[in-house]
Amino acid sequence: MAAGSDTIKVHKIISTIFFENTYVLVNTKTSAAIIIDPGRNTWQRIQQIIAADIKIEAIFITHAHFDHVFDLGLVKAETGVPIYMHCLEEPLRNDFVRMAKTCDTDCQPLPGADIYWNDGDIIEVGNVSFEVIHVPGHTAGSVCIKWQDGIFTGDTLMYKTIGNCAQGSFDEYIERIKTKLFTLPEGLIVYPGHSKYTTIGN
């Protein structure tokens with residue numbers, strides 16, 4: 001499934017078992033690509049999207065719950081590109097092997113982030129700017145990643161719902177969503193970590 005603009009084509013891959021959304025962003029002008037939240041059994045399908053002239057430049061992690069990073073080690077090993085993640089996700093990354101075993105799956109520890117990003121950071125990839133919006137609540141280091149035509153929200157904001165509040169105060173979590181996300185343009189497309197696309201207005 002693909003969406004996006006004339007510059008960025010957004011491919012959505014629904015991972016097995018957890019029905020998590022992995023995204024592959026392909027810049028049609030520069031042939032640069034980004035992988036967001038590589039879930040379980042997504043690498044093979046990512047390869048089908050990435051043509052010979054497309055170069056993967058980065059891996060973005062919205063948060064480190066194990067369904068969103070299941071194939072992170074494989075993708076990192078195959079591409080060698082930098083992993084971007086918030087430093088507050090390190091405890092979850094370190095807990096990956098234990099969490100995988102709860103699903104009767106033996107896994108290797110995940111690679112660490114190459115670059116820790118912070119609220120307000122601007123990441124330039126293939127002539128497109130991505131803004132990091134830190135919205136703690138679902139996890140301590142949950143971020144949303146905004147670009148000119150949309151925003152990748154992980155499990156923070158989904159179609160008609162939000163992710164559960166596992167970190168801190170629920171009231172503060174709601175206030176952050178209202179002030180950081182609901183103030184964005186209503187027509188901005190929301191690419192969530194699960195389920196279908198929506199908009200800020202919806």
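The values are calculated or read from the model by the stated rules, or taken from the named source; none is laboratory data. Fair warning: this is a prediction, and the values are worked out from it, not measured in the lab. Virtual Cβ from ideal backbone geometry, glycine too; neighbours counted across all protein chains shown. Keep in mind that these areas ignore ligands, DNA and RNA; they rest on the heavy atoms of the full protein, side chains included. Shrake-Rupley method; radii C 1.70, N 1.55, O 1.52, S 1.80 Å.
Some notes on this structure:
- Within segment 64-132: Cβ-based charge dipole about Cα centre, in debye rounded to nearest 20 (Lys, Arg +1; Asp, Glu -1): 220 debye
- Percent accessible area from carbon and sulfur atoms, the chain, protein chains only, probe 1.4 Å: 51 percent
- For the chain, the residue among N164, A33, I50 whose Cα projects farthest onto the positive side of the dipole built from Cβ charges is I50.
- Shape box of segment 49-103 [Cα atoms, principal axes, largest first, Å]: 38, 24, 15
- Taking the Cα centre of the chain as reference, the dipole from Cβ charges on Lys and Arg (+1) and Asp and Glu (-1) amounts to some 420 debye.
- In this entry, segment 133-202 is assigned a mean projected area of 3.9 nm², taken as a quarter of its C-alpha convex hull surface.
- Reachable aspartates and glutamates from K9, criterion Cα separation under 18 angstrom, eight or more residues apart if same chain: D37, D53, E57, E124, E131, D149
- Per residue, the chain exposes 45 Å² of solvent-accessible protein surface, assessed with a 1.4 angstrom probe and all protein chains in place.
- Alpha carbon centroid spacing (whole Å) that separates segment 128-187 from segment 1-73: 19 Å
- With helices as the sole contributors, the chain gives -4000 deg cm²/dmol at 222 nm; each DSSP H run of n ≥ 4 counts as -39500 (n - 2.57), and the sum is divided by every residue.
- Taking label points 7 Å from Cα along the Cα-to-Cβ direction, Q108 and E124 give a separation of 3.4 nm.
- Largest first, the three principal axis extents of the alpha carbons in segment 50-202 are 39, 39, 27 Å in whole numbers.
- Count of lysine pairs in segment 59-191 with Cα separation under 22 Å (8 or more residues apart, or interchain): 6
- The residues M158, M85, M99, sorted by heavy-atom accessible surface at 1.4 Å with ligands and nucleic acids left out, run M99, M158, M85 from largest to smallest.
- Averaging the sequence gap over all C-alpha pairs within less than 8 Å and six or more residues apart, then dividing by the number of residues, gives segment 18-164 a relative contact order of 18 percent.
- DSSP beta bridges in segment 61-202 [antiparallel fraction, %, rounded to 5]: 70 percent
- Among the protein heavy atoms, those of R93 account for about 40 Å² of accessible surface (1.4 Å probe, every chain in place).
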